[in-house]
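Read through the structure below, which is laid out as structure tokens, and then see the notes.
The values are calculated or read from the model by the stated rules, or taken from the named source; none is laboratory data. Small disclaimer: the values here were computed from a predicted structure and weren't measured. Here Cβ is always computed from backbone atoms with ideal geometry, including for glycine, and neighbour counts include all displayed protein chains. Note: accessible area is taken over every heavy atom of the protein model, side chains too, but ligands, DNA and RNA are not part of it. Shrake-Rupley method; radii C 1.70, N 1.55, O 1.52, S 1.80 Å.
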Amino acid sequence: MTFIVLAVGLIAIVLGVLCVALWRGAQAGALAAQARDAARDNPALANAAVYRDQLVDLEREHALGNLNDQELQIARDELSQRLLDDLGPAELEQPHRKLVVAAPRQPWVLLTSIIVLVPVLSLAMYSLIGQPEALDPLALKQGLGNEEQVTPEKLATMAASLSRRLEDEPNNVDGWVMLARVQRALGQYALTSQSLRKALALSQDDNLAIDLAEALAQQNGGDFAGEPWAIIRRVLKADPRHLNGLFLAGSASYSESNYGDALSFWERAREGVNADSPDAPELERAISEARSKLGLSPSTPSVSSPAVKAAPEAQIRGRVSLGPEWVGKVGPQDTVFVYATAVSGSRMPVAIVRTTAAALPFDFVLDDSTAMNPSAKLSSMGEVTVRVRVSKSGQAVPQPGDLTGSVSPVKLGSSNLSLIVKDVQP
């Protein structure tokens, strides 16, 4: 509606300007033509036409404020006297030679055509090169629903474009933040950390610092030990009510099985979350999960908080085994990680189990009880990628030479999934 009102207003302004210009032009043209005709029929009137133009100039100067009323009257008197002197008594005695200015004809046909054609042509042009569907909220909503999915290839192209731009604009904080978000969506956590560090060098923003702590933990396979925790503690020391800091502190504590600390951080965060916040349901669910881990009764949501629905039961069952080419080549104490991630975007596990190569073939179950973070559960996904990684070092971060395998996409509720270790981490 706003677009329509603005468009109609602009068309009206354009029509007004065009009509006034044409009207005045027609009047001026008619007066000039009459003056030429009169001068041709009676040469003496040529001088009158000149004096008339001078009178128009005087009127314009008066309108602009260059002449006051008294000066205008004096100039008019002088001009009238000069006109009488030029015409002479003989001309004044002949009434049929009196200077008569007829009303000019108005350009009604042209004005009518413009008033009709300008809106019609504007609408026609917009229908050809504009986006008429944007005027229909329902069509726009449906169009957004059918929007082409952002693929990893497109994200990679976007990241390359931002990187080139930041070579010329190294002090662009927003550019570094945007690049970090794209890199995180690609699962490039080391690059994400680098971009966030460059942004923090330009802007000491605690929210960016918390983002860096999370990216570092993702880079370490979900391990918050070291710098991630140091960043979280520094932010919360400066601002004990920092929401993002409390959220991440709770998640870090939960991932380390420190459910009491997680509950404490999340309950403090709940004090600063509005009832209509989109974070409220997930926060209530995380608090209930932490209380359950501690053997406490379920949390009663605050009066202002919306009701929280329990997540539906969802799990994936399957068996992981070594490919025939690797049988006998894997040490029995090598660590085996079986985990589920989003099909595209973040590689942060939403569910994970751990065993050793001696247990292979191993029957696994992935569900919400194996979540690393209760605010990001397997049940919140429609489909996932199930992965396996065999690590000699036991480190959470993938290392070159680790053995891997994956199946994608896998719908929740799948069973009898066969996951084969067959590839090598480059």
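Rolling a 1.4 Å probe over the protein heavy atoms leaves Glu282 with an accessible area of roughly 70 Å². Measuring spread by the Cα atoms of the range 210-255 yields a radius of gyration and Dmax of 9.5, 27 Å. Computed over the alpha-carbon atoms, the range 317-426 gives an Rg to Rh ratio of 0.94, Rh here being the Kirkwood radius from the mean inverse distance.
Semi-axes, largest first, in whole Å: what does sqrt of 5 times each Cα gyration tensor eigenvalue give for the range 251-292? Walk me through the numbers on the way to the answer.
Working: eigenvalues 69, 18, 12 Å².
Ellipsoid half-lengths, sorted descending, are 19, 9, 8 Å.
Of the trypsin sites (Lys or Arg not before Pro) found in the range 320-418, the ones in coil according to DSSP and having at most 15 other Cβ atoms within 10 Å of their Cβ are Lys329, Lys392. Three principal axis extents of the range 191-305 based on alpha-carbon atoms, in descending order, are 44, 28, 23 Å.
Sorting 359-371, 229-241 by their mean Cβ neighbour count within 10 Å, with the most densely packed peptide first, gives 359-371, 229-241.
The 3J(HN,Hα) values that the Karplus relation (6.51, -1.76, 1.60; θ = phi - 60°) gives for the range 160-173 are, in residue order, 5, 5, 5, 4, 5, 5, 6, 5, 8, 10, x, 9, 8, 4 Hz. Gly and Pro appear as x. The calculated Kirkwood hydrodynamic radius for the range 147-236 is 13.5 Å, given to one decimal from all distinct C-alpha pairs.
For the listed residue pairs Lys377/Lys422; Lys293/Lys422; Lys198/Lys392, the alpha carbons are over 29 angstrom apart in Lys293/Lys422; Lys198/Lys392.
Computed with a 1.4 Å probe on the full set of protein chains, the accessible area for Leu64 sits at about 120 Å². The gain in end-to-end length when the Lys329 to Asn258 segment is fully stretched comes to 21.9 nm, 0.36 nm per residue minus the alpha carbon separation. Within the full protein context, the accessible area of Ser251 is estimated at about 10 Å² for a probe radius of 1.4 Å.
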